[in-house]
1. Using Cα atoms only, what is the angle between the long axis of helix 399-412 and the major principal axis of the chain, expressed in degrees (0 to 90) to the nearest 10?
2. Please work out the C-alpha center-to-center distance from the stretch 234-261 to the stretch 405-421 and express it in whole Å.
3. Once you charge only the Cβ atoms, +1 for Lys and Arg and -1 for Asp and Glu, what is the size of the charge dipole of the chain about its Cα centre, to the nearest 20 debye?
4. Please figure out what share of the DSSP beta bridges in the stretch 373-475 is antiparallel and state it in percent, rounded to the nearest 5.
5. What dipole magnitude, in Debye to the nearest 20, does the stretch 36-119 give about its Cα centre under +1 on Lys/Arg Cβ and -1 on Asp/Glu Cβ?
6. So if I average 1/r over every pair of distinct C-alpha atoms in the stretch 11-153 and take the inverse, what Kirkwood radius in Å does that give?
7. Could you tell me the largest-minus-smallest coordinate of the C-alpha atoms of the stretch 393-461 on each of the three principal axes, in descending order and whole angstroms?
8. Can you give the FRET efficiency to the nearest 0.05 for GLU169 and GLU390, using r as the Cβ-Cβ distance and R₀ = 35 Å?
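Readers should treat all values here as calculations from the given coordinates under stated rules, not as data from a laboratory. Note that the structure is a prediction, hence the values are computed from the model and not measured. All Cβ positions, even for glycine, are placed from backbone atoms using ideal geometry, and neighbour counts span all protein chains on display.
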Amino acid sequence: MEIRYLNAHATGWNFKTVIIFGFEDESLPETIPALTGEAAWIRESPALKDFSGKAKEIAVLYGPAGSLLQRVIVVGLGKRDKFDFEVLRFSTATAVQKCKALKADGCAVNLENLSRLGHPVSALAEEIVCAALLSLYSYDEFKTRDEEEGDFSIEELTLFSADDDMAGEIQAAAGRGEAAARGVIRTRDLANGPANHVSPAFLAQTAQEMGKRYGFKVRILERKEVLKLGMGAFEAVFRGAMQDPKFIVMEHAPKGTEKDKPIVFVGKGITFDTGGISIKPSAKMHEMKCDMAGAGAIFGLFEALGHSAIKRRIVGVMPCTDNMPDGNATRPGDIVRTLSGKTVEIINTDAEGRLVLCDALTWAQREYDAEAVIDLATLTGACVVALGMEVAGIFCEDKAMGRQIQDSGERVGDKFWPLPLWDLYFEPLKSDVADMMNVGDRWGGACNAAAFLKQFIEENTRWAHLDIAGPADGMKKNPIHIGGGSGFGVRTLLEIARNGIKE
Ligand code: BES
Ligand code: ZN
Ligand code: ZN
């Protein structure tokens, strides 16, 4: 889909299908001057009489015979004083889906009555573009379809307004919205991809391809190297798998930033989690194809970086493997030596995320003098019990950094809520025979997991752990998310990459 901005002074309402926004209890013609000028028929349109402007409400108006403007989709934004970005995203998406249902080959979104909302119009344009693209997403890699039926898509999205001097700003904002959406879509594709397709090797190949396309540095540490380095915790997880593990490292370092301290993201890349010998019940096991969504979010971030001009050094570290039961698999009670040198008694092989992450965190801290280290993982069912499907847990003892991540998330629609990293959560992990166990008791499971990871964080590392087990693939359907892999976290990471971590 092509995206552009036009100034309506020059062009008039020269489009076949236009989307306009309406607020509850406001008259449209008062806020959109063109409705008394070139497109005056709109205000007389009978269908408008029933339109109240509630959020996501739609009215379709048809132009008189012979008018170039054939169709106007009016979409409600609710009450002006209740406006937020989520309303804008959901309403835009609902209108764009209507365009698709009506098989409009292009649509033009009028921005005129979006001023006076307390947000720059460019920020709104960014959300509109991102929401429009996400509203059209579906995962159909493996759907065979009737050739003749074809595949309809909206070819062109135009933003337009009669306000002067905004062209450059809005064009740039539209570019940011598109980059964000491409990132989210990359993550959704990887999370929705079944494990017989999205394997560690597939992820490694994807990283290589993205590296070539966008100029990222890519390193893949293979099984042999991982073993030689001494990643005993990562090994404990991959030793039961037939397919080789891949320890994937991607780096974005535009000219002049190569020597800067990078922000390092670490993502859990379990391409399928059977639980290993501590095998999971079969009922919902298929959902564990999404257990690489932490790594997936980092792929999404890099896809977005590839479509942006962000001058900051960013590194992604993704330990990837299946977690399988096998004659060679780790047994409950086995003790392994992690890369850090600390030993772990593996009580439950289904608590594998913390095992792959602890070695990746150690490796990342040794390899880079990081500005900050942020890990993302579909780590615990307990986090979902605590916060529900829509919200991720954030563990961060650096108050400013935790706040910044939470605020960035809120702006772009990723909900994070803080959970504690107190030492008391490490108590149940104490082992009689090793430095720690990989699980404690049932209570406070998300916090125990975070306390485990904390054992591997150096004193001076600014660190946050994001448990995305719920929202990565459990979110309810909404107008910008059809269900399945959500791409949760990508836009938050992109905000952080764009703004840096504040002191
Ligand atoms: N991948 C799961 C966590 C998970 C659960 C993600 C539900 C998404 C939805 C993780 O590896 C796991 O199995 N965790 C165990 C830990 C337990 C054994 C301490 C869990 O949450 O039950
Ligand atoms: Zn598991
Ligand atoms: Zn897992």
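1. Roughly 40 degrees, rounded to the nearest 10.
2. 25 Å
3. Dipole about the Cα centre, nearest 20: 380 debye.
4. Numbers: 3 of 12 bridges.
Looking only at bridges with both residues in the stretch 373-475, the antiparallel portion is about 25 percent.
5. Numbers: 13 positive and 9 negative charges, 45 e Å.
Taking the Cα centre of the stretch 36-119 as origin, the dipole is about 220 debye.
6. Details: mean 1/r = 0.0627 Å⁻¹.
Answer for the stretch 11-153: a Kirkwood hydrodynamic radius of 16.0 Å.
7. Between the extreme Cα coordinates on each principal axis of the stretch 393-461 lie 46, 29, 15 Å.
8. With a Förster radius of 35 Å, E is 0.65.
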